[in-house]
1. Mind listing whichever residues of the stretch 2-37 are in contact with a helix residue (DSSP H, G or I) (Cβ under 9 Å, 6 or more places away or on another chain) and either loosely packed, with under 12 Cβ neighbours inside 10 Å or assigned to a loop (DSSP other than H, G, I, E, B) (or both)?
2. If the requirement is being under 19 Å from Arg185 (Cβ atoms) and without any contact (Cβ under 8 Å) to a residue 12 or more places away in the chain, which of these qualifies: Lys68, Lys99, Lys85?
3. Can you confirm whether Lys122 is closer than 30 Å to Asp211 by Cα and without any contact (Cβ under 8 Å) to a residue 40 or more places away in the chain?
4. Scan the stretch 219-227 and tell me whether some residue there is assigned to a loop (DSSP other than H, G, I, E, B) and among the small types (Gly, Ala, Ser).
5. Are there any pairs, at least 6 apart or on different chains, whose C-beta atoms fall under 6 Å, with the first in the stretch 220-241 and at negative phi and the second surrounded by 10 or more Cβ atoms within 10 Å (Cβ to Cβ) and outside any helix (DSSP H, G or I), and if so, which?
6. Which is under 30 Å from Ser38 (Cα atoms) and either buried (at least 19 other Cβ atoms within 10 Å of the Cβ) or touching a strand residue (DSSP E or B) at 6+ places or on another chain (Cβ under 6 Å) (or both), of Lys229, Lys160?
Amino acid sequence: MQINQENYYSEAANREYFSVSQYKSFLSCEARAMAEISGEYERPVTKALLVGSFVDRYFEGTLDEFMKENPGIYTRRRELRADFKRANQIIEIVKTDPKFMDSMSGEKQKIFTFEMFGVKWKIKLDSYNPGKAITDLKVVARMDRLPQWRYDIQGAVYQKGVEICTGDRLPFYLAVVTKEKVLDRDIWQIPQSTLDFALRQVEENIGRYVDIKEGRIEPEHCGRCDYCKSIKKARVRNYNELLEA
């Protein structure tokens, strides 16, 4: 199928293509990833995710549509709730930062599809400057939490995908702003050695995930995520497991 803005997140697209979010879902819990692909399970939309989307949609130029699509961001008095007032403040502050705005000046939500490691992939870039850079926007709680989200995987797949499609190997940046009382903001470049290492990890893992996705092997349950907890049955366990955790 041809991927476009309308069907990018559809079940059909997710069955046919891998994405960074789907790959990371497999990395976290194979069973949950398959439940998401089949439509059996949908992760709840958190307030943190909505706040990030609020800022994303401003840069995309579709904030008005987002606000209409999500009436829950308003109080009964039709005022923005506190978290989204803060998102507005974040936007107003970064708008005055030339370096931050320059990093986000490329083509917004650019879609590429390609084959890598024998697998079909789809990616959507927050800011794509042909021949110059790929930048992804992140709204986070604190800067020091960035590594735990494995954005190196995202950068590696995005960079390689653009290279496959255009021939250009572009640097990958994260334009990051925090939600702290006194917000922080910076542009982080992920070193090429880090991207290369992450891409090798993707190559090592993707074969198993393809086999799971196509039903050749059974997915493993992590036993910790919300999906696993939602389907589990009680069993007798050794109390010392808790002491060893």
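1. Ile3, Asn7, Ser19, Cys29
2. Only one candidate passes the filter, namely Lys85.
3. So Lys122 does not fit the description; no.
4. Scanning the stretch 219-227, I find at least one residue that is assigned to a loop (DSSP other than H, G, I, E, B) and among the small types (Gly, Ala, Ser), so the answer is yes.
5. Cys222/Cys29; Cys225/Cys29; Tyr227/Tyr41; Cys228/His221; Cys228/Cys222
6. Lys160
Here's the yes/no breakdown for (1) surrounded by 15 or more Cβ atoms within 10 Å (Cβ to Cβ); (2) touching a residue at least 60 places away in the same chain (Cβ under 8 Å); (3) of a type in the set (Val, Ile, Thr):
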| site | (1), (2), (3) |
| --- | --- |
| Arg185 | yes, yes, no |
| Ala198 | yes, no, no |
| Ile212 | yes, yes, yes |
| Arg216 | no, no, no |
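To keep it simple, each residue is scored yes or no on (1) of a type outside the set (Val, Ile, Thr); (2) touching a Cys at 6+ places or on another chain (Cβ under 7 Å); (3) closer than 30 Å to Glu203 by Cβ.
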{"position": "Gly72", "(1), (2), (3)": "yes, no, no"}
{"position": "Leu80", "(1), (2), (3)": "yes, no, no"}
{"position": "Asp83", "(1), (2), (3)": "yes, no, no"}
{"position": "Lys95", "(1), (2), (3)": "yes, no, no"}
{"position": "Glu107", "(1), (2), (3)": "yes, no, yes"}
{"position": "Phe114", "(1), (2), (3)": "yes, yes, yes"}
{"position": "Trp121", "(1), (2), (3)": "yes, no, yes"}
{"position": "Asn129", "(1), (2), (3)": "yes, no, yes"}
{"position": "Ala133", "(1), (2), (3)": "yes, no, yes"}
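FYI, it's all coordinate maths here, none of it is from the lab. Please read these numbers as outputs of a predicted model, since none were measured by experiment. As a convention, Cβ positions derive from the backbone with ideal geometry for all residues, glycine included, and neighbour counts pool all protein chains shown.
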